[in-house]
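First the structure, in the form of structure tokens, and then the observations on it.
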Amino acid sequence: MRFSLQTKILVGYVAFTLVVAGAVYIYLNTSLREDVSGHTREQLLNDARLIQSYLENAPLLSLSPEAIDPIADRLGEQCGARVTVVRDDGVVAGDSSIPLSSVPLMENHGDRPEILEAIASGIGNSIRYSNTLETDMAYVAVPFRTEQARGVVRVALPLQQFRWIESHIWKIVLAALGIGLLLSVVLSWGTERLVSRPIERMTEVARRQAAGDLEVTASAPAHVELSSLAAALNEMAAQSKERLSRIREENAQLEAVLSGMAEGVMVTSAEGRILMVNPAFKRMMDVDAWCLNKRPIEVVRNHDLQSVVDAAIDSAPSLHEDTVFDLTLEWNQRIFQVHLTPVRIGEQLHGVVAVFHDMTELRRLEQVRKDFVANVSHELRTPLTSIKGFVETLLDGAMEDTAALRRFMTSIQHHADRLQALVEDLLQLSSIESGRYEVEFTSCRLDRITERVAEIFAKQIDGKQLALSLRFETDRPARGDPELMERALSNLVDNAVKYTEHGGSITIGTEERGDEIVLSVADTGPGIPSEALPRIFERFFRVDRARSRALGGTGLGLAIVRHTMELLNGRAWVESRLGEGATFYLSLPAWIEDEPSETAGRSARATEESVNETSTGRTT
């Protein structure tokens, strides 16, 4: 007689249930109390051994509550029991059932019987009343030792749990017997429906979570095992989602930091391929995303950079600590200081981080400082040497010669005046550059300032028989400081008078260009070579040094003009051709009145004031 598979399964389930029920009944009837008690102690001892092993292998620097209590809390949660860590002096370092703030207030546990027994024999057991939790507890304690400290770890469960188990285990067993017989029938035909299908569904959930869909969750079937599996899958998905969110946040912060850095950053892989560059690096090297996954030499055509990257990668495994490799890189007419550091996690190399500092401006400023010191020293040495020579000559006997004495004293005065002019120009330039000069922005009539400056230089202009023309195409005021503008214009007019030959002409004019008022000073002097135009406003720069010194210049006038205009939010520039004279321009923002003035709305007028003086040949 042949039976169906369902019948065979049913007979097998029934037979298995009856056998198990009989065995369980006999076993529980004879050794339940002793077995449960022994099993509980064994479980507590296993938990204590595991915690002992964890503490002995963990990198603990001290047994302070701040370090130990979080560990005790986590271990207690994982093993489902109360975990207490006691130092060798009896002080409690951590307790999973006590808040961290209350741990230092706990009694000294050095006199607890399980603690004393564990120190004496290696394992301590005790069932007693807990003063801390105010309930009967079963305790198991074992000692532990680390390089920094030693103590005892104790694991405990409430005795009420044992009594509850003892009182309810029989009820559970009896109920299980009846339910087992019923389930034997149900499971014979419901195994596929109750077990296989949920497993398939959770398998699909696991696959979707692995593919990145962390929003999907697994259902919890009625079976304990599958319910635990579903809970574990859901917990894993939640933790993965949290970690991914944290990683995204950290990446966003890192990207913001790299984007905001003025230094260029290049990250390579362990194989030397570029993995990432920040915007500053792209600007410095004039590259874009195409540089990724390429070797540095393919992006920056410099063999030294590739060599130092290779050296950092090759030498990283032999280095016991992070070493910085330095390189001075000249690229695209700029100078970079490059610092390279290997990136290692443990003993494994993951790549190299290179930071590029643009040193071009710093080097330029260092050179400017050196040139400035050299120029000042040279400018001071010449008059001082002359003065010293004249004084020595006078002391050697020339003082008896009245004519020589007067000539030498006149020369000394001339060189002293040069020194005074140089020092005054330096002080004025320093005051403007340092920002200590207080600027009073107000309405500034450039045509009136020009007229005052023309009066100041009238004698010098007459002396060289120059023709001076004033052409004012606008009377709109500019926003500036009249005193500073007068100084700047005086420097330009002084240069024009010095460098314009006898019988030449100087033209000063104003005009309105958009929102700016432009003042120009044009002369018919020798002009400026095109290669000298970019440096004409530098300190001590002279096109013709011998002629400039002969005319009494300090070499700082145009530098003062440029810094003055920058201080006034204006501009200064020059246009010139060699042999055709030069035209210097000063521009300031136009003045905007808060309220319409009497002259508001009046159109710009063009005026040219010329008064011919036959005796001097000058036009004013």
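The values are calculated or read from the model by the stated rules, or taken from the named source; none is laboratory data. Remember, predicted model here, so these are calculated numbers, not experimental data. Positions of Cβ are generated from backbone atoms using ideal geometry, with glycine treated the same way; all protein chains shown enter the neighbour counts. Quick note on the areas: whole protein, heavy atoms, side chains included, nothing else; ligands and nucleic acids left out. Shrake-Rupley method; radii C 1.70, N 1.55, O 1.52, S 1.80 Å.
Taking residues in region 252-266 that are in a loop (DSSP other than H, G, I, E, B) and modelled with pLDDT of 85 or more, and partners anywhere that are open to solvent by 20 Å² or more (accessible area, probe 1.4 Å) and of a type outside the set (Lys, Arg), the pairs with Cβ atoms closer than 8 Å and at least 6 places apart or on different chains are Glu263/Val355; Glu263/His357; Glu263/Asp358. Contact map, region 520-536: first residue touching a residue at least 40 places away in the same chain (Cβ under 8 Å), second residue open to solvent by 20 Å² or more (accessible area, probe 1.4 Å) and among the hydroxyl-bearing types (Ser, Thr, Tyr), Cβ cut-off under 6 Å, separation 6 or more or different chains; pairs are Ser520/Thr583; Ser520/Tyr585; Ala522/Thr507; Ala522/Thr583; Thr524/Ser505; Gly525/Tyr499; Gly527/Ser576; Ile528/Ser576. Residues of region 387-409 that are open to solvent by less than 100 Å² (accessible area, probe 1.4 Å), over 21 Å from Gln420 (Cα atoms) and out of contact with any helix residue (DSSP H, G or I) (no Cβ under 8 Å at 6 or more places or on another chain): Glu392, Gly397, Asp401, Ala403.
If only residues of region 458-511 that are of a type in the set (Ser, Thr, Tyr), farther than 21 Å from Ile528 by Cα and in contact with a helix residue (DSSP H, G or I) (Cβ under 9 Å, 6 or more places away or on another chain) are counted, the one that is surrounded by the most Cβ atoms within 10 Å (Cβ to Cβ) is Thr510. It is to be established whether one or more residues within region 522-545 are in contact with an Asp or Glu (Cβ under 6 Å, 6 or more places away or on another chain) and at pLDDT 60 or above. Checking region 522-545: at least one residue is in contact with an Asp or Glu (Cβ under 6 Å, 6 or more places away or on another chain) and at pLDDT 60 or above. Hey, any hits in region 361-376 for a residue that's out of contact with any Pro (no Cβ under 7 Å at 6 or more places or on another chain), of a type outside the set (D, E, K, R) and at pLDDT 75 or above? Scanning region 361-376, I find at least one residue that is out of contact with any Pro (no Cβ under 7 Å at 6 or more places or on another chain), of a type outside the set (D, E, K, R) and at pLDDT 75 or above, so the answer is yes.
If only one of Gly180, Gly94, Gly110 is open to solvent by less than 60 Å² (accessible area, probe 1.4 Å), modelled with pLDDT of 90 or more and among the small types (Gly, Ala, Ser), which one is it? Explain how you work it out, then say what you get.
Details: Gly180 fails: modelled with pLDDT of 90 or more; Gly110 fails: modelled with pLDDT of 90 or more.
Exactly one of Gly180, Gly94, Gly110 is open to solvent by less than 60 Å² (accessible area, probe 1.4 Å), modelled with pLDDT of 90 or more and among the small types (Gly, Ala, Ser), namely Gly94.
Quick check: anything in region 80-103 more than 30 Å from Ala232 (Cβ to Cβ) and polar (S, T, N, Q)? Give the derivation first.
The initial filter retains those residues of region 80-103 that are more than 30 Å from Ala232 (Cβ to Cβ), namely 86-93, 101-103.
Imposing the further condition that a residue be polar (S, T, N, Q) reduces the set to 101-102.
Checking region 80-103: at least one residue is more than 30 Å from Ala232 (Cβ to Cβ) and polar (S, T, N, Q).
Phe356 falls short of the stated requirement of being in contact with a strand residue (DSSP E or B) (Cβ under 9 Å, 6 or more places away or on another chain), within 24 Å of Ser490 (Cα to Cα) and at pLDDT 75 or above.
Out of region 81-107, which residues are free of Cβ contacts under 8 Å to residues at least 40 places away in the same chain and over 16 Å from Pro143 (Cα atoms)? Residues satisfying the conditions are Ser96, Ser97, Ile98, Pro99, Leu100, Ser101, Ser102, Val103, Pro104, Leu105, Met106, Glu107. For residues that are within 25 Å of Val216 (Cβ to Cβ) and more than 19 Å from the chain's Cα centre (by Cα), scanning just region 239-279, find the one that is least open to solvent (accessible area, probe 1.4 Å). Only one residue fits best here, namely Ser240. When Gly552, Gly570, Gly557, Gly579 are checked against the criterion of being over 50 Å from the mean Cα position of the chain (by Cα), open to solvent by less than 80 Å² (accessible area, probe 1.4 Å) and modelled with pLDDT of 70 or more, a single residue qualifies: Gly579.
Taken over region 113-149, the criterion of being open to solvent by less than 10 Å² (accessible area, probe 1.4 Å) and in a helix (DSSP H, G or I) is satisfied by Glu114, Ile115, Ala118.
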